[in-house]
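Novice: My structure is below; once you've seen it, I'll send some questions.
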Amino acid sequence: MAHHLRTSRVIKLLILCLLATVVVVIVLAIQPVIQETSCQCTTNRNTHTGFESGKGHQLAIIVPFRDRFEQLQEFVPHIHQFLNAQKIRHVIYVINQVDKYRFNRGSLINIGFLQSREESDYIAMHDVDLLPMNPDLSYSFPRNGPFHVAAPNLHPKYHYDDFVGGILLVANDHFQMLNGMSNKFWGWGREDDEFYRRIIDAKLTVTRPTGITTGENGTFKHVHDEKIISRDMIQTVEQKKNAKRDRKTGLDTMNYTVVSKNNLHIEGAECIVVNVHLHCDTKSTPWCELPYSVKQLIKLHKLQPEEQKTWLQQRLNNVERVIMARRAADEKPSATQRSDR
């Protein structure tokens, strides 16, 4: 009888040890899963969590971009710190055009909107070479219509009344209502002027900063150097004829391919770089590509004086060879002339 009791106790102890082992194994198995889930829930990029003036909203900074990496290195940390100081929750999108066509700022902004609209409810169409310096420049949600931060009386270079370029804040609903920007403007300029016509046609009102006393020389830092990065300001004849209000293209006619999408960190500030390939309908906008002769002139313009002389001399030599070859062909008697002799 005593032996039977001892055996029963041993069995009970074994069962308890087995149960304890199972519990420990389950706890250890669950623990890594809990930690991993916690990590995944904290990926909020540049978003500022203690925002007030942007309460309930998130801003997408849309930067149309090509070959301006030095400016980007200064822009990203600057705008991140500037918006954090205003407690504006934000994310920065750099839409990088990687195709062979001329730069198309309007299409790149459209792509930025399409890429960001699920996580942000308003955008800033933002030039990479324009840095806000006055802390009183507001980037808050533009509830009453487009808000032009880089107003004509504050922008360092452009001062005409209808100017809405540089930095323009637009609510997603309004940008969608306007069908975004025109896709017809290849090369530099005029897409902002066309967008202003869309705003007016929709009976929206553009508002601008008030009470800013730093003027056109102290409100922004303009970091563009024309000697280093020249703008494509060529306007073909067909292009000039089509520089009117565009009622055919916009968000609903975008044609592009996202080549890649990566997160880039610059001095602790993060941006999302979206490399895109635009597609051009050469029948409707043949000026998306410059004629060969124009490309040659642009190439000549970028050369140093001595290089220009060498380049021109080479072309003159080629022309001279062609002329001499034609003269030799004209002087050579034809088969009929030889038979007559």
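The values are calculated or read from the model by the stated rules, or taken from the named source; none is laboratory data. From a predicted model like this one, the values you see are computed outputs, not experimental measurements. Reconstructed Cβ throughout: ideal geometry from the backbone, glycine too, with neighbour counts over all protein chains shown. Remember, those area values only see protein heavy atoms, side chains included, never the ligands or the DNA or RNA. Shrake-Rupley method; radii C 1.70, N 1.55, O 1.52, S 1.80 Å.
Novice: Check whether at least one residue in the range 75-85 is in contact (Cβ under 8 Å) with a residue 12 or more places away in the chain, under 11 Å from the mean Cα position of the chain (by Cα) and surrounded by fewer than 21 Cβ atoms within 10 Å (Cβ to Cβ), and report yes or no.
Specialist: No: zero hits.
Novice: Among the residues that make up the range 104-121, is at least one of them open to solvent by less than 10 Å² (accessible area, probe 1.4 Å), of a type in the set (A, V, I, L, M, F, W, C) and not in a helix (DSSP H, G or I)?
Specialist: No; the residues of the range 104-121 include none that is open to solvent by less than 10 Å² (accessible area, probe 1.4 Å), of a type in the set (A, V, I, L, M, F, W, C) and not in a helix (DSSP H, G or I).
Novice: Taking Gln97 as meeting all but one of (1) open to solvent by less than 10 Å² (accessible area, probe 1.4 Å); (2) within 22 Å of Ala171 (Cα to Cα); (3) at pLDDT 90 or above, write down the number of the exception.
Specialist: (2) is the only condition that Gln97 fails.
Novice: Mind counting the residues in the range 159-178 that are part of a loop (DSSP other than H, G, I, E, B) and open to solvent by less than 50 Å² (accessible area, probe 1.4 Å)?
Specialist: Summing the residues that are part of a loop (DSSP other than H, G, I, E, B) and open to solvent by less than 50 Å² (accessible area, probe 1.4 Å) in the range 159-178 gives 5.
Novice: So if I check each of Gly165, Gly187, which one is of a type outside the set (Asp, Glu), in contact with a Cys (Cβ under 9 Å, 6 or more places away or on another chain) and under 20 Å from Arg245 (Cβ atoms)?
Specialist: Testing whether each residue is of a type outside the set (Asp, Glu), in contact with a Cys (Cβ under 9 Å, 6 or more places away or on another chain) and under 20 Å from Arg245 (Cβ atoms) leaves just Gly187.
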